[in-house]
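The following block contains the structure, expressed as structure tokens.
The values are calculated or read from the model by the stated rules, or taken from the named source; none is laboratory data. All values reported here derive from a predicted model rather than from experimental measurement. Please note: Cβ atoms are built from the backbone with ideal geometry, for glycine as well, and neighbour counts cover all protein chains shown.
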Amino acid sequence: MAGSPQHSAHHRVLYVIACGSPLARHVGRLVDSAQQDGWDVCVVTTPDGAKFVDQAALARQTGHPVRTHYKNPGDPDVLPPANAMIVCPATVNTVNKWAAGITDTLALGLLVEAQGKGIPIVAVPYTNAAMAAHPAFRAGVARLAEWGVTVLFGDHVIALHPPGTGEQHLHAFPWTMPLTALHTVSASAA
Ligand SMILES: Cc1cc2nc3c(=O)[nH]c(=O)nc-3n(C[C@H](O)[C@H](O)[C@H](O)COP(=O)(O)O)c2cc1C
């Protein structure tokens, strides 16, 4: 049934990773579309991403706890291993750290490891025009793409907005685009 948790050996596991942006509030829409596509979806947030999402609602929607922090040594894994990951929204901060190989959040640790495992990853940076202008961010986006991450960024995804106006542009976000991109990358990897 669309929108209900799907735990089964038949379903491939998708990690949806949400960073600290107001767009993360609506990440349930991506979860819903992915479930309709047959994915067993798990949500991971960064510590700042956790401030924007409704963790209880996402746990109900997915049937998995929303993970934010590394487990303690010796604790069991609570999520099934991922077959694919979508980072949406990806903040400037997380893009920059990811491109540098930093793993000081669970989200970054999962991404850096997933890259090494060859797991398909789609990243959707979301920020304003001023933050996006930073050379480190531009270089990070380019490096991740060069390393095989599918980075959806630019006016064909969503136009960069002026600082302080992000809330007004949330409604225009194309939530099905990351999934469509994941289909393409998964098909070419098969
Ligand atoms: C209200 C608010 C909105 C923000 N929106 C964005 C955003 O859309 N994109 C972005 O890159 N950073 C945004 N930031 C800044 C990030 O939350 C900040 O850089 C944070 O350290 C990101 O941490 P993370 O990458 O671990 O999620 C926002 C911060 C606040 C308080």
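Does A114 satisfy the criteria of being over 23 Å from S188 (Cβ atoms), of a type in the set (A, V, I, L, M, F, W, C) and either within 16 Å of the ligand (Cβ to nearest atom) or out of contact with any Gly (no Cβ under 8 Å at 6 or more places or on another chain) (or both)?
no
Which ranges mark the helices (runs of 4 or more DSSP H) fully within segment 106-190 that have 3 or more residues being touching a residue at least 60 places away in the same chain (Cβ under 8 Å)?
Counting at least 3 such residues, we get 106-117, 177-189.
OK, next. Given (1) more than 9 Å from the ligand (Cβ to nearest atom); (2) free of Cβ contacts under 8 Å to residues at least 60 places away in the same chain; (3) under 17 Å from G20 (Cβ atoms), where does C88 come up short, assuming only one miss?
Answer for C88: the failing condition is (2).
Still on this structure, please answer the following. Which condition from (1) within 14 Å of the ligand (Cβ to nearest atom); (2) on the phi < 0 side of the Ramachandran plot is the one that G164 breaks?
(2)
Look through V16, V43, V27 and report the one residue that is under 17 Å from P178 (Cβ atoms), touching a His at 6+ places or on another chain (Cβ under 9 Å) and within 16 Å of the ligand (Cβ to nearest atom).
V43
Residue check, D77 against (1) more than 20 Å from G166 (Cβ to Cβ); (2) at pLDDT 95 or above; (3) of a type outside the set (A, V, I, L, M), all met but one. Which one?
In the conditions (1) more than 20 Å from G166 (Cβ to Cβ); (2) at pLDDT 95 or above; (3) of a type outside the set (A, V, I, L, M), D77 misses (2) alone.
Something else: What number of residues within segment 46-57 are touching a strand residue (DSSP E or B) at 6+ places or on another chain (Cβ under 8 Å) and away from the ligand (no atom under 16 Å from the Cβ)?
Summing the residues that are touching a strand residue (DSSP E or B) at 6+ places or on another chain (Cβ under 8 Å) and away from the ligand (no atom under 16 Å from the Cβ) in segment 46-57 gives 0.
May I pose another question? Quick check on A133: is it over 24 Å from H11 (Cβ atoms) and more than 16 Å from the ligand (Cβ to nearest atom)?
No: the conditions fail for A133.
Would you point out which residue out of T94, T105 is within 16 Å of the chain's Cα centre (by Cα) and within 22 Å of I158 (Cα to Cα)?
The conditions single out T94.
Quick check on H169: is it within 14 Å of the ligand (Cβ to nearest atom) and more than 17 Å from T94 (Cα to Cα)?
yes
Additional query: Within the bounds of segment 160-173, is there any residue that is under 22 Å from G38 (Cβ atoms) and either surrounded by 12 or more Cβ atoms within 10 Å (Cβ to Cβ) or of a type in the set (S, T, N, Q) (or both)?
no
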